[in-house]
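**Q** Below is a structure I'd like to ask you about.
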Amino acid sequence: MAEKDIKVGIGDMKFARGSNTVITYALGSCIGITFYDPVIKLGGLLHIMLPSRSDPNDPKVFKYADSGIRETVRKLTAFGLVKSRTVVKIAGGAKMFEMKGNSDFGNIGQRNATMVKKVLMEERFRISAEDTGGTYARTMLLNVENGDVVIRTVGKPEKHL
Amino acid sequence: MRLKRYEDMNLQDLDVMKEISSIGTSHAATSLSKLLQKEVRITIPEVNILSYDETVDRMGQMEELVAATLVQMSNEVNGLMLFIFKQDLANAVLGKLMGKQYESFEEMDEMDYSALEEIGNIIICSYVNAFTQLVKVEIDLSVPSSTINMLGGILTVPIAEYGYETDKLMYINAEFIMDGERLSDGLLMLPDIQSLNHILEKLGIS
């Protein structure tokens, strides 16, 4: 059993099939998006940092919500993912610092969330659960065996999305 | 602009930043020393341009609980200053200031948080003051904002703020020495790229 968790870094995506846990640590303003097809037990976790890729030549596709989601879907589809049965969950998009007198600062989390939802809708996915906003970081885990998504935060019990 | 990204800085640029940082951090140590009425020494800082993952690795763990104070810079230099307290430094400071010690940040109360926020602010302000005098630039500082949360989450703030310009952070790492104990100190100075060029131009390196 004791397989090592698969870690997803900032601006990256990893997926697994059958068993294993995919995990991304300490999502601040970033957003974690899990895609899970329960029939073939295929699950991917994408960790995006910014809303949109403005430079089409930027090779870091997973850094941005728009290019990241599309590339993840393309990849997972190639491995057999079927959109209509895919369960999508999102977490993150927090505002870590509240700047007095400058409410615009640090609302990147909110902009990320808006963009993620927009792109998912365009790609015809329904978000079945989300845990976004707030002022704290989240660690997100996807258990590929059963599709369970766990959110870990400081000072609160674990939450199953 | 000569530099397009942080990682374009050459050895000479980094050396100059290190020199200035060393004066900045020693001012910060002096302020801390006055506040705590205790001798505080500081090691010569290292200035490193690191990726997000490298910065987290140098400072601790992703999910490690830390306290952070953030101040925005504006005027001739735009950017962010971030000061991070790990548990050991927080305890040393709160112990001296209020006679309190904690196992974890979670046990602290509002008053401890405000004390840490203010100390972070003082350290940042004295660093920036020394910096402005040396470089001869005007820098305005915002009121501080602070949080206690996962190190990894806190460091996403500067990385996302300048995410369209660079994937790197400028990490100024020195250690405070109090009672013969070395305490880790994490200061991040993050001018935007235009400001970084401006600073280096002002110093005559371009």
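The values are calculated or read from the model by the stated rules, or taken from the named source; none is laboratory data. Every value quoted in this text rests on a predicted model; they were computed, and no experiment measured them. FYI the Cβ positions are ideal-geometry reconstructions off the backbone, even for glycines, and counts take in every protein chain you see. Surface areas here come from the heavy atoms of the whole protein model, side chains and all, with no ligands, DNA or RNA. Shrake-Rupley method; radii C 1.70, N 1.55, O 1.52, S 1.80 Å.
**Q** Look at A:Thr139 and say whether it is surrounded by 15 or more Cβ atoms within 10 Å (Cβ to Cβ), among the hydroxyl-bearing types (Ser, Thr, Tyr) and within 20 Å of A:Ala16 (Cβ to Cβ).
**A** yes
**Q** Please state which of the following conditions A:Gly93 fails to meet, knowing it meets all the rest: (1) within 14 Å of chain B (Cβ to nearest Cβ); (2) small (Gly, Ala, Ser); (3) farther than 23 Å from B:Ser51 by Cβ.
**A** Every listed condition holds for A:Gly93 apart from (3).
**Q** Go through region A:18-35 and give me each residue that's more than 12 Å from chain B (Cβ to nearest Cβ) and either buried (at least 19 other Cβ atoms within 10 Å of the Cβ) or at pLDDT 95 or above (or both).
**A** Once the filter is applied, which keeps residues that are more than 12 Å from chain B (Cβ to nearest Cβ) and either buried (at least 19 other Cβ atoms within 10 Å of the Cβ) or at pLDDT 95 or above (or both), region A:18-35 yields A:Asn20, A:Thr21, A:Val22, A:Ile33, A:Thr34, A:Phe35.
**Q** Do we have B:Asp88 as surrounded by fewer than 17 Cβ atoms within 10 Å (Cβ to Cβ), assigned to a helix (DSSP H, G or I) and touching a Ser or Thr at 6+ places or on another chain (Cβ under 7 Å) here?
**A** The answer is yes for B:Asp88.
**Q** Can you go through B:Glu39, B:Glu107 and tell me which one is over 19 Å from the mean Cα position of the chain (by Cα), within 14 Å of chain A (Cβ to nearest Cβ) and open to solvent by 70 Å² or more (accessible area, probe 1.4 Å)?
**A** The conditions single out B:Glu107.
**Q** Among A:Gly68, A:Gly80, which is away from every other protein chain (no Cβ under 12 Å), modelled with pLDDT of 95 or more and either assigned to a helix (DSSP H, G or I) or open to solvent by 70 Å² or more (accessible area, probe 1.4 Å) (or both)?
**A** From the options A:Gly68, A:Gly80, the qualifying one is A:Gly68.
**Q** Now for a different question. Quick check on A:Asp55: is it more than 22 Å from B:Asp57 (Cα to Cα), without any contact (Cβ under 8 Å) to a residue 12 or more places away in the chain and either assigned to a loop (DSSP other than H, G, I, E, B) or within 14 Å of chain B (Cβ to nearest Cβ) (or both)?
**A** yes
**Q** Please find, among B:Val128, B:Val143, B:Val157, B:Val137, the residue that is open to solvent by less than 60 Å² (accessible area, probe 1.4 Å), farther than 27 Å from A:Lys156 by Cα and out of contact with any Asp or Glu (no Cβ under 8 Å at 6 or more places or on another chain).
**A** Result: B:Val128 is the single residue among B:Val128, B:Val143, B:Val157, B:Val137 that is open to solvent by less than 60 Å² (accessible area, probe 1.4 Å), farther than 27 Å from A:Lys156 by Cα and out of contact with any Asp or Glu (no Cβ under 8 Å at 6 or more places or on another chain).
**Q** Go through region B:131-150 and give me each residue that's touching a Ser or Thr at 6+ places or on another chain (Cβ under 9 Å) and either closer than 25 Å to B:Leu65 by Cβ or part of a strand (DSSP E or B) (or both).
**A** Answer for region B:131-150, where residues must be touching a Ser or Thr at 6+ places or on another chain (Cβ under 9 Å) and either closer than 25 Å to B:Leu65 by Cβ or part of a strand (DSSP E or B) (or both): B:Ile139, B:Asp140, B:Leu141, B:Ser142, B:Pro144, B:Ser145, B:Ser146, B:Thr147, B:Asn149, B:Met150.
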